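S.K.: Got a structure for you, questions after.
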Amino acid sequence: MSVGTVGSEDLRNEMVDRLAADHRGKGLTLRPEVEAALRTVPRELYTPGVPLKEAYENTAVVTKRRGEESISSVSAPFLIAEMLGQAANALGDLRGRHALEIGSGGYNASLLRELVGPSGSVTTVDIDPEVTDRAASCLAAAGYNDVTVVCADAEHPIEAGRRYDLIIVTAGAWDIPPAWRDQLTDSGVLVVPLRMFGTTRSWALRHSGDRLISHSRRLCGFVPVQGDGASAIRYLDIADGVHLRLDEGEQIAPACVEGILARPRQEAWAGVSLPPRTALPDLDMWLATRLREESVTLSAQEEAVASGIVAPAWRFGTPATLHDGTFAYRSELRWTDRRFDLGAYAHGPAAAAAAGRMVEHMRAWVDAGCPAPALEVVPARTPDGDLPDGAVLDKRHSRLILTFNATSIEKKGTP
């Protein structure tokens, strides 16, 4: 069903071998059918103009920019493999399924076509005609002429009355519009990179009545959804190369953070000893829900971290708080041999107390057994009395409820 290119097969197999090892390192298993699809589809045909070796690197390949902003890309192979695995795990088997991909590029659609087989179908949609034209051309070059390519805003239904067993979104979403839930079959699955509290997780969500209930999650990052579903992240600079990410309606005046990192730093430590496989993205979600009224997200450029202006746990998105002129954030880890402690750094008039409060919540997460988050998504109109217990985050179209349980959705220790 695909067309080979001289020299590509070895590179493709080497890439998949690396993906299998990456999965094992994360405590995951690369499903055999996903592995077979990855070994079949020639990725270089979806990255024209890119050197062959680069096409098989484990990184995203940007295919369209607007200024300096990436607005379309062929996603990193590890992330594609993980999301396809999420879909297959949640549905049990993708053979014979009808799949809708939101956010087109061609490569992921061709992998889906391999996975659903002759009795299944794949529709891929994108709002940008340049992207869909390119996807259609690449799919044709690779021999996948039976993938339906649609140019439309997927915030709205793609085809009246059509329902899908799987909807997989390959763009970062801030909310889940009703059309996505309504287009799923009764037992269908939505796999979506969903932004909450400034960071993104790929959630596999099972359809259950008017609700979506989580089956798995992965840490990820994607170019944002465009069109009617777009919701821009706002950034507030607090030092050169250091920013606060404001994503849930936070309102902070620049004067409140002016010079805050120049104030003396206080630190606090949890006094725990954790193994490397501890799922720290789960801790970050725990902190965001526990410190909700003060919660922001810290991001920093590499130069700012190297110079010591800040020392966050993860420079691409670390939980932080800002309250009454005091700023605190989860710090870099403190290692002893092959185990680590959790800490917080803080600046401002109540720095010691703010760092200590954040560390208390870290300690509580460890004492609770390092629980994983579970997510339930309900329509925005759902009354409070009909919600499950948990932290509620209201979006435009939906209400998101996060709960934590050590055995909630996947074995502890997976990202």
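The values are calculated or read from the model by the stated rules, or taken from the named source; none is laboratory data. Source: prediction; values computed, not measured. Please note: Cβ atoms are built from the backbone with ideal geometry, for glycine as well, and neighbour counts cover all protein chains shown. Protein only, heavy atoms only, side chains kept; ligands, DNA and RNA dropped before computing areas. Shrake-Rupley method; radii C 1.70, N 1.55, O 1.52, S 1.80 Å.
S.K.: Read through the list (1) of a type in the set (A, V, I, L, M); (2) touching a helix residue (DSSP H, G or I) at 6+ places or on another chain (Cβ under 9 Å); (3) not assigned by the TED database to the domain that holds H243, then give the number of the only condition that L387 fails.
M.R.: (2)
S.K.: Another one. Select from segment 29-65 the residues that are farther than 21 Å from A135 by Cβ and not in a loop (DSSP other than H, G, I, E, B) and write down the one among them that is most open to solvent (accessible area, probe 1.4 Å).
M.R.: Per the criteria, the residue is K53.
S.K.: Please identify the pairs in which a residue from segment 314-325 that is more than 17 Å from G348 (Cβ to Cβ) has its Cβ atom under 7 Å from the Cβ atom of a residue that is among the charged types (D, E, K, R) and surrounded by fewer than 17 Cβ atoms within 10 Å (Cβ to Cβ), counting only partners at least 6 apart or on another chain.
M.R.: Every condition considered, the pairs that remain are R315/E302.
S.K.: From (1) crowded, with 18+ Cβ neighbours inside 10 Å; (2) under 25 Å from N13 (Cβ atoms); (3) modelled with pLDDT under 95, pick out the condition that doesn't hold for D93.
M.R.: Condition (1) is where D93 drops out.
S.K.: To continue, here is another question. Would it be correct to say that T148 is β-branched (V, I, T), in contact (Cβ under 8 Å) with a residue 24 or more places away in the chain and touching an Asp or Glu at 6+ places or on another chain (Cβ under 7 Å)?
M.R.: No, not satisfied.
S.K.: Does segment 303-325 hold any residues that are under 22 Å from F222 (Cβ atoms) and buried (at least 16 other Cβ atoms within 10 Å of the Cβ), and which are they?
M.R.: P312, A313, W314, R315, G317, T318, P319, listed by residue number.
S.K.: For segment 210-221, state whether one or more residues are over 13 Å from the mean Cα position of the chain (by Cα), of a type in the set (A, V, I, L, M, F, W, C), open to solvent by less than 30 Å² (accessible area, probe 1.4 Å) and closer than 25 Å to G161 by Cα.
M.R.: Start the filter on segment 210-221 by keeping residues that are over 13 Å from the mean Cα position of the chain (by Cα), which leaves 210-215.
The next check asks that each one be of a type in the set (A, V, I, L, M, F, W, C); those that pass are 212-213.
The next check asks that each one be open to solvent by less than 30 Å² (accessible area, probe 1.4 Å); those that pass are 212.
The next check asks that each one be closer than 25 Å to G161 by Cα; those that pass are 212.
Yes.
S.K.: If you scan segment 360-379, which residues turn out to be loosely packed, with under 13 Cβ neighbours inside 10 Å and in a loop (DSSP other than H, G, I, E, B)?
M.R.: Answer for segment 360-379, where residues must be loosely packed, with under 13 Cβ neighbours inside 10 Å and in a loop (DSSP other than H, G, I, E, B): A368, G369.
S.K.: Can you find, within segment 32-50, the residue that is modelled with the highest pLDDT among those that are hydroxyl-bearing (S, T, Y) and under 23 Å from the mean Cα position of the chain (by Cα)?
M.R.: Residue satisfying both the conditions and the ranking: Y46.
S.K.: Here is a further query. Just checking, how many residues over segment 184-209 are open to solvent by 10 Å² or more (accessible area, probe 1.4 Å) and within 22 Å of D93 (Cα to Cα)?
M.R.: 7
S.K.: What number of residues within segment 116-164 satisfy the criterion of being assigned to a loop (DSSP other than H, G, I, E, B) and under 26 Å from the mean Cα position of the chain (by Cα)?
M.R.: 11
S.K.: Let me ask something else about it. Name the residues in segment 287-302 that are open to solvent by 70 Å² or more (accessible area, probe 1.4 Å) and under 19 Å from R201 (Cα atoms), would you? Lay out the reasoning, then the answer.
M.R.: Initially, segment 287-302 is screened for residues open to solvent by 70 Å² or more (accessible area, probe 1.4 Å), giving 290, 292-293, 301-302.
Passing the criteria: R290, R292.
S.K.: While we're looking at this one, here's another question. Restricting attention to segment 250-286, which residues are in contact (Cβ under 8 Å) with a residue 60 or more places away in the chain, surrounded by 16 or more Cβ atoms within 10 Å (Cβ to Cβ) and touching a Pro at 6+ places or on another chain (Cβ under 9 Å)?
M.R.: Passing the criteria: A279, P281, D282, L283, D284, M285, W286.
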